[in-house]
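Worksheet for the structure shown next.
The values are calculated or read from the model by the stated rules, or taken from the named source; none is laboratory data. Not measured: the values here are computed from a predicted model. Here the Cβ is made from the backbone with ideal geometry for all residues, glycine too, and neighbour counts use every protein chain on show. Just the protein is used for accessible areas: all its heavy atoms, side chains included, with ligands, DNA and RNA removed. Shrake-Rupley method; radii C 1.70, N 1.55, O 1.52, S 1.80 Å.
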Amino acid sequence: MQRPPRDDDPADVLVVGAGLAGAAAARSLADAGMRVRVLDKGRGPGGRLSTRRTPTGAFDHGAGVVQATTPAFRAWLEMETRAGRAAPWAGGWVGVPGMNALLAGLLDGLDVRWSAAVAALRREVAGWSALGADGTVIAMAPRLVLAVPAPQAVALLLTGGAGMAAEGLVEALGAVHYVPAWAALIEVEPGSPLGGPTKGQDGIVDTLHRQADKPGRADVGHWVLVATASWSEVHLEDSPDVISPKLSAAFIAATGIMDGAIRHVSAHRWRYARPLNPCDPAPFEGQGLFVAGDAFGPDDSGDLAPAERAWHSGMSAATRLRAAGQPKS
């Protein structure tokens, strides 16, 4: 029986970020025989594939369904379906029992440190160090896969003084822009009848999912509403307390469910919901630093949906890392 990893175990690669891109990169590298350590500020896997669990059930409050247009991504989703972690739905796939189950197989058996908030990344002679908020080293390794949104990646590199070591990459990442999305997690009385749209939705509702309609869910009365990018942009800096009643009203308008049937509404802001201008980081990578995420990939990946591009980006980053060999000190 393999013992659990210890803090002082050496790692060949650090992966910062355990969303789909980071998880795909970590799995590919581990399968190639590398010792991988994954750091994520969350309490469990997800990123934009997060599932929030509450006392009354769960909400897929990020991406509600993922699409596959490339054979490789489709093959992976079909493999996850055979493993019971995914199921076809609405022309795409969903994780079972929640969207974050799509990451479970990728991260299974890996050295993953949850609630590990990285405040800065520093280039050392021996490689890369991930620093906590107090400046102490959380983990270090000769090579690094940075799998977080571009603005966060830039902040981590600059805060740790690594901007000069990755000057071209920082500039490329700084040019990436995103659109936001507000999501509402709505719980209604089970069995509440749908009345259909009662009035115009004023351009607020982008997608609306009832959890119980998805395979493997028993979350009766749970809905997720995702607002349009344009509406979310206008209200980006509003507080969740301000957003919740606005999205509750949009939900009532879209479904005809009576206001009195709504038990609870909470709002979640995705500041980096979808990249507008994906870039290819490969020409700017070096010194053992590689980048992955839904904003990164070659020019021909721009038409892919974010989840599919994130998976391909993670796999590609792992391939580039292995091909580069040991970084020069």
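Ranked by solvent-accessible area (1.4 Å probe, protein heavy atoms only, all chains present), the residues T70, T319 order from largest to smallest as T319, T70.
Around R43, with a cut-off of 14 angstrom between Cβ atoms, what is the net charge of the other residues, counting Lys and Arg +1 and Asp and Glu -1? That sum, taken over residues with Cβ under 14 Å, equals +3. Of the accessible area of the stretch 120-160, computed with a 1.4 Å probe over protein heavy atoms only, carbon and sulfur atoms account for 64 percent. Could you tell me which of rounded, prolate or oblate describes the stretch 175-329, using a ≥ b ≥ c as the square roots of the eigenvalues of the alpha-carbon gyration tensor, with rounded for a/c under 1.5 and, failing that, prolate when a/b is larger than b/c and oblate otherwise? Note, shape of the stretch 175-329 comes out prolate.
In the chain, the sites counted are trypsin sites (Lys or Arg not before Pro) in DSSP loop states with at most 12 other Cβ atoms within 10 Å, and the longest stretch holding none of them, exclusive of the sites, is 44-198.
Protein heavy-atom surface of the stretch 1-118, 1.4 angstrom probe: 53% of the accessible area is carbon and sulfur, with nucleic acids and ligands not counted.
Here semi-axes √(5λ) of the Cα gyration tensor in Å was computed from the coordinates, and among [x] 30, 24, 18; [y] 50, 23, 17; [z] 36, 21, 18 the match is [z].
Within the accessible surface of the stretch 215-302, defined with a 1.4 Å probe on protein heavy atoms only, the carbon and sulfur portion equals 55 percent. Net charge of the neighbourhood of R269, taken over other residues with C-beta under 15 Å away and scored Lys/Arg +1, Asp/Glu -1, is 0. Just checking the listed ones, M315, M164, M140: in the Gaussian network model of the chain with Cα springs under 10 Å, the one fluctuating most is M164.
Loop-only check: which chymotrypsin sites (Phe, Trp or Tyr not before Pro) in the stretch 113-191 are DSSP coil with at most 14 other Cβ within 10 angstrom?
Within the stretch 113-191, the qualifying chymotrypsin sites (Phe, Trp or Tyr not before Pro) (loop, at most 14 other Cβ atoms within 10 Å) are W114.
Comparing D241, D40, D111 in a Gaussian network model of the chain (Cα springs below 10 Å), the most mobile by mean-square fluctuation is D241.
Let me check I've understood the local charge: for P97, count other residues with C-beta under 12 angstrom from its C-beta, Lys and Arg +1, Asp and Glu -1. What total comes out?
That works out to +2.
Our note on the geometry: Cα centres of the stretch 205-258 and the stretch 14-87, 23 Å apart.
Estimated purely from DSSP H runs of n ≥ 4, each contributing -39500 (n - 2.57), the mean residue ellipticity at 222 nm for the chain is -8000 deg cm²/dmol once divided by its residues.
Here the relative contact order of the chain, from alpha carbon pairs under 8 Å that lie six or more residues apart, stands at 21 percent. Think of a 1.4 Å ball rolled over the protein heavy atoms: the chain then has 45 Å² of accessible area per residue. Across E285, E171, E187, mean-square fluctuation computed from a Gaussian network of the chain (C-alpha pairs under 10 Å connected) peaks at E171. Shape class of the stretch 1-146 from the alpha-carbon gyration tensor: prolate, with a/c at 1.5 or above and a/b greater than b/c.
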